[in-house]
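First comes the structure, then the notes that go with it.
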Amino acid sequence: MKKLTIFAAALIVLSLLTSAATRSKKSEISRNLDIFNSLYKELQTFYVDSIDAEKSINIAIAAMLNDIDPYTEYIPAKDQEQFRTMTTGEYGGIGSVIQETPRGVIIADPYEGSPAQRAGLRPGDLIVMIDSDSVAGWKSAKVSEHLKGQNGTMLRVLVNRPYVSDSMLSFDIKRAKIQIPSVPYYGMLKDGIGYISLNTFSEKSYPEVRDALEKLTKEGAKGIVLDLRGNGGGLVESAVQILGLFLPKGTTVLNTRGKGVLNEKVYKTSVSPVDTKIPLAVLIDGASASASEIVTGAIQDLDRGVVIGNRSFGKGLVQSTRQLPYDGLLKVTIAKYYIPSGRLIQAIDYSHRNPDGSVARIPDSLTNVFHTAGGREVRDGGGITPDITIELPDVNRLTYNVVRDNWAFDFANRYAATHSSIPAPEEFEITDTIYEEFKNFIDPARFNYDKVCESAVDQLRKIAEAEGYMNDSTKAQFDILAGMMKHDLGHDLDINRKNISPYLAGEIVSRYYHQKGEIINSLRDDRTVDTAVTVLTTPRYNKIIHP
């Protein structure tokens, strides 16, 4: 069956990919579609086992589209709810992030003020039943489907709550229209600098950012930090509207170019700005993509503000949806976007692949120089390079496993079950006592992490044996070295406390103050934000924009 679907996918790619890239003649398209149609009929008629038509065709479609680019995809009717949620920021349900774990599907993060939070659901609650249905063995997608529903309808959720005596709890919850906030937090930083965290570009992003910006300027903000770190993008129109808050009305901020001159489009700001002069810093990282890069790139190209952080993702492709039969959607790449300096920031050229089919980022040596409105040099082909790069420490394997395997998450659940309150987010910190509790909470027998030094010694020992260098003296030296490199979990946790503590603090604070509190707490020790505040309040700002 697997070979058949791969073969079918290959046929579709051969017949249709050429059409997508070069507009094949109608006769060629018709001929290849006839071939595929006949082939599939023959399989259905003569193959020894039954073939799931929907599954095999969907696999073939996915194989074809994946060979074009990662952003062109087919969305059948049954999977469109999540797509609509991404574009509108709204859905009907209980208002909580859920997570699939080895134990089952759990409540991960009830949104503040949501039906889930008001009813009393907490992070870590293991979902046992929804109404009269046991969810044992269900994947998170199926659980999500049953939790969502029409605004105002009721459901009952039975959960198993860890670290409490009465572990089985039942909740009657009324579904509501859930509006996922685009701006989870805004407020004043030190030295009179306003801060806005924007996590997506949806239909509601513009009014939320405008509201935040207007309130901060009324409070006397001397500068604005717009935090787009981790923002994977969204609607192009939302990005253009948000740029209009900082730029004069009618400013050209984006050009998109599709197939043929008739598919070129110019985007200009069309809203009344809030402030076109206030010093502005935009924060980005490797997860800032698409619409985030439109905003960042336009701000940089027009010398409207400084960009701080790490190079952005590099997605310069525009998608649009096309209606298909049986209520399907095709999200297809229709154009490339060019920011005001004329540069394309797409990092990967999917139309030119390596012989093995893989793709790679455009090397810096092949990028081209462009210029901002004020004459500063900027480059294309690989995301937005910040004006100020912040070197951040790498996350090592120990810290990665603490987060990945939910040790920090589970400890925060136990901590919240045994502590009725904590200090305000801007004051809370991981004390020696809390960190010792966390260390004792971890079971060394269940904690898996890469013991790099031990593995390296073992590997070197094997190489020495294979190449004939192992003798009694060498073996003794290896034994000494192995003893010196023996990992001790307690010791490793101690030396990595500085890396682990921010994740641990964020988990604990979110149990009491939700996402907003988690962001506030993270700002206490954020090198990128601190750098932005310093730049916005010193002559360095003007020296960057007007060298």
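Table for the structure above
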read-out	value
For region 231-281 and region 374-443, distance of Cα centres in Å	33
Sum of side-chain charges, Lys204 neighbourhood, beta-carbon under 14 Å (Lys, Arg +1; Asp, Glu -1)	-2
Bridge type composition, the chain - antiparallel percent by DSSP, nearest 5	75
Extension gain from Lys249 to Thr534, taking 0.36 nm per residue of separation minus the Cα-Cα distance	99.7 nm
Accessible-area value, Met64, 1.4 Å probe, nucleic acids and ligands omitted, Å²	30
Lysines with Cα under 27 Å of Lys41, excluding same-chain neighbours fewer than 8 positions away	Lys2, Lys3, Lys25, Lys26, Lys55, Lys78
Label selected from [x] 45, 38, 20; [y] 33, 29, 21; [z] 38, 36, 31, the criterion being semi-axes √(5λ) of the Cα gyration tensor in Å as computed here	[z]
Size of charge dipole - region 65-132 - debye, nearest 20, with Cβ of Lys, Arg +1 and Asp, Glu -1, no other charges	340
GluC sites (Glu not before Pro) restricted to DSSP loop in region 191-278 with at most 13 other C-beta within 10 Å	Glu219
Label-point separation, Phe83 to Met129 (7 Å along Cα→Cβ), nm	3.6
Solvent-accessible heavy-atom area per residue, rounded to whole Å², over region 428-547 at 1.4 Å	61
Simple spin-label estimate for Glu54 and Ile463 in nanometres, 7 Å along Cα-Cβ	5.4
Charge dipole magnitude, Cβ of K and R +1, D and E -1 - the chain, Cα centre, debye nearest 20	1800
Inter-probe distance in nm under a simple model that places probes 7 Å from Cα toward Cβ, at Gln44 and Ser365	5.3
Highest average packing first - 84-92, 47-55, 368-376, 293-301, Cβ atoms within 10 Å	293-301, 84-92, 368-376, 47-55
Within region 275-398: Cβ-based charge dipole about Cα centre, in debye rounded to nearest 20 (Lys, Arg +1; Asp, Glu -1)	280
Additional length obtainable on full extension of the chain from Asp494 to Lys268, 0.36 nm per residue less Cα span	76.0 nm
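The values are calculated or read from the model by the stated rules, or taken from the named source; none is laboratory data. Worth saying up front: this structure is predicted, and the values here are computed from it rather than measured. Note: ideal-geometry Cβ built from the backbone for every residue, glycine included; neighbour counts use all protein chains shown. For accessibility, only protein heavy atoms count, side chains too; no ligands or nucleic acids. Shrake-Rupley method; radii C 1.70, N 1.55, O 1.52, S 1.80 Å.
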